[in-house]
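Here is the structure we will look at, set down as structure tokens.
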Amino acid sequence: MTKPPPARRGSDYAALSREVKQSGLLRRRPVYYSVKVGANLLLLAAGWTAFALIGQSWWQLVTAAFLAVMFTQTAFIGHDAGHHQIAASKRVNNVLGRVHADLLVGLSFGWWINKHTRHHAHPNHVDRDPDIADGAIAFTEDQARVRTGAYAWLGRHQAWLFFPMLLLEGLALKVAGVQATFDRTTGARTGRATRLTEAAMLATHIVGYLAALFLVLSPLQAVVFLLVHQGLFGLYMGCSFAPNHKGMALFGKDDKVDFLRRQVLTSRNIRGHRLTDLALGGLNYQIEHHLFPSMPRPSLRHAQELVRTFCARHGIAYHETTLLDSYAQVLRHLHNVGGPLRLRPELEY
């Protein structure tokens, strides 16, 4: 586990925050988001229109790939709404988030908000960040050491299996969200009306999606379309989120570190240009996003130089790399985590 530097005065973030506010980077961008949401909805509608017009054809696999991209772009808008980046009104953001996540993509907005809020509060904090909780992937050597049987085999080879496993990520997120939404115990954290609304939206998406596939396509084509579409959606989503924190500093319960350093030291930026911004939904500015979650997406790139200069002035490591190198760092980390399992092959049995 990477040890953080000694905690320093907590006023550093306040100073940075004042600079950011004075620069106007936290102001809402209604024109940008109006164009963004409108264009995204048009492209999504165009994809489903093409699906209906093409009919029974294996060319529909091209449509499946296009819709996988659009589903991910739609999920990015849901992400921005969840952080209240779009509108000043919490209610408007929540409506936009539920429509884009629940209705259009089939991801539970409420479940994701709960999970993502905990991640933002404790990024890469062992036992507190749900994004590095022990599951299919082991993110710490302690998680790897206790594995046996099939999980031990998975952990031993997880660096090689990571990207293939992302093909299942879209379906896994949907299943987890549906389970949480329809589970009265986990759903009790939200109001009954909100939970019922979200459940209705998810049900509408699932029924409508499956009906469209099996009414327009042959049964075999429908199944293949579903696998290709959901697989590429999961892969795109996973490839967009994987570079953000995996392989960066990990904190334990005894580590004392202030908010500014906790967010910066656990995050990784991706170097690129406006096409990178579009492809990754602004998540390539992960450091700035974690420091100022409500900052509108188009403002993140303008905040980068300000934040980077501030970090240099205060001796805080600011990590930025290329997309391909970020994947290499993630895979090296997963390979190293699986090291204890490779030394004990008998755990597979």
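The values are calculated or read from the model by the stated rules, or taken from the named source; none is laboratory data. Keep in mind it's a predicted model, so treat the numbers as computed, not measured. Neighbour counts are summed over all protein chains in view; Cβ atoms, including those assigned to glycine, are modelled from backbone coordinates with ideal geometry. In case anyone asks, the SASA skips ligands and DNA or RNA and just uses the protein heavy atoms, side chains included. Shrake-Rupley method; radii C 1.70, N 1.55, O 1.52, S 1.80 Å.
Observations, loosely collected:
- Separation of the ARG344 and ALA136 label points, Cα + 7 Å toward Cβ, nm: 2.5
- Formal net charge of residues neighbouring LEU227 (Cβ-Cβ distance under 14 Å; K, R +1; D, E -1): 0
- LEU168 paired with PHE182, simple spin-label distance in nm, labels 7 Å along Cα-to-beta-carbon: 2.0
- Residue ranking by accessible heavy-atom surface, 1.4 Å probe, largest first, among TRP48, TRP160, TRP153 comes out as TRP160, TRP153, TRP48.
- Dipole-positive endmost among VAL99, ILE54, SER17 within segment 1-158 (Cβ charges, Cα centre): SER17
- Accessible-area value, ASP277, 1.4 Å probe, nucleic acids and ligands omitted, Å²: 20
- Per-residue extension of 0.36 nm, minus the Cα-Cα distance of LEU161 and VAL92, leaves a gain of 20.9 nm for this segment.
- Rounded to the nearest 10 square angstrom, TYR236 shows an accessible area of 50 square angstrom against a 1.4 Å probe.
- Contour minus Cα-Cα distance for ALA50 and THR194 (0.36 nm per residue): 48.5 nm
- Shown are SER11, SER34, SER17, whose ranking by accessible area with a 1.4 Å probe and every protein chain present, most to least, is SER34, SER11, SER17.
- For the chain, relative contact order (Cα pairs under 8 Å, six or more residues apart, normalised by length) works out to 28 percent.
- Computed [θ] at 222 nm, helices only, for the chain once each DSSP H run of length n ≥ 4 contributes -39500 (n - 2.57): -20000 deg cm²/dmol
- Surface composition of the chain: carbon and sulfur make up 65 percent of the accessible area, probe 1.4 Å.
- Scanning the chain for long hydrophobic helices, with DSSP H runs required to stretch 24 angstrom or more by C-alpha along their axis and to average at least -1.0 on the Kyte-Doolittle scale, returns 30-54, 60-82, 192-216, 219-241, 297-313.
- Measuring with a 1.4 angstrom probe and ignoring ligands and nucleic acids, ARG98 comes out at about 50 Å² accessible.
- For the chain, the equivalent ellipsoid derived from the alpha-carbon gyration tensor has semi-axes of 33, 28, 19 Å in decreasing order.
- With a 1.4 Å probe rolled over the protein heavy atoms of all chains, the accessible area of VAL257, VAL69, VAL31 falls in the order VAL31, VAL69, VAL257, largest first.
- Gaussian network model of the chain, Cα within-10 Å springs - most flexible of LYS246, LYS21, LYS115: LYS21
- The number of Lys pairs in the chain with C-alpha atoms less than 18 Å apart, excluding pairs fewer than 8 positions apart on the same chain, is 5.
- Of ARG301, ARG192, ARG29, the one that fluctuates the most in a GNM where the chain has Cα springs shorter than 10 Å: ARG192
- Remark: spin-label model distance ALA212-LEU42 equals 1.9 nm, labels positioned 7 Å along the Cα→Cβ axis.
- FRET efficiency, ARG18 to HIS273 (Cβ-Cβ, R0 30 Å, nearest 0.05): 0.55
- Neighbour net charge for CYS311 - beta-carbon separation under 10 angstrom, K R +1, D E -1: +2
- Global form of segment 166-295, assessed from the alpha-carbon gyration tensor, a/c cut-off 1.5: oblate
- Accessible surface computed residue by residue for the chain, with neighbouring protein chains in place and a 1.4 Å probe, gives 48 Å² per residue.
- With contacts taken as Cα pairs under 8 Å at a separation of at least 6 residues, segment 24-97 carries a relative contact order of 33 percent.
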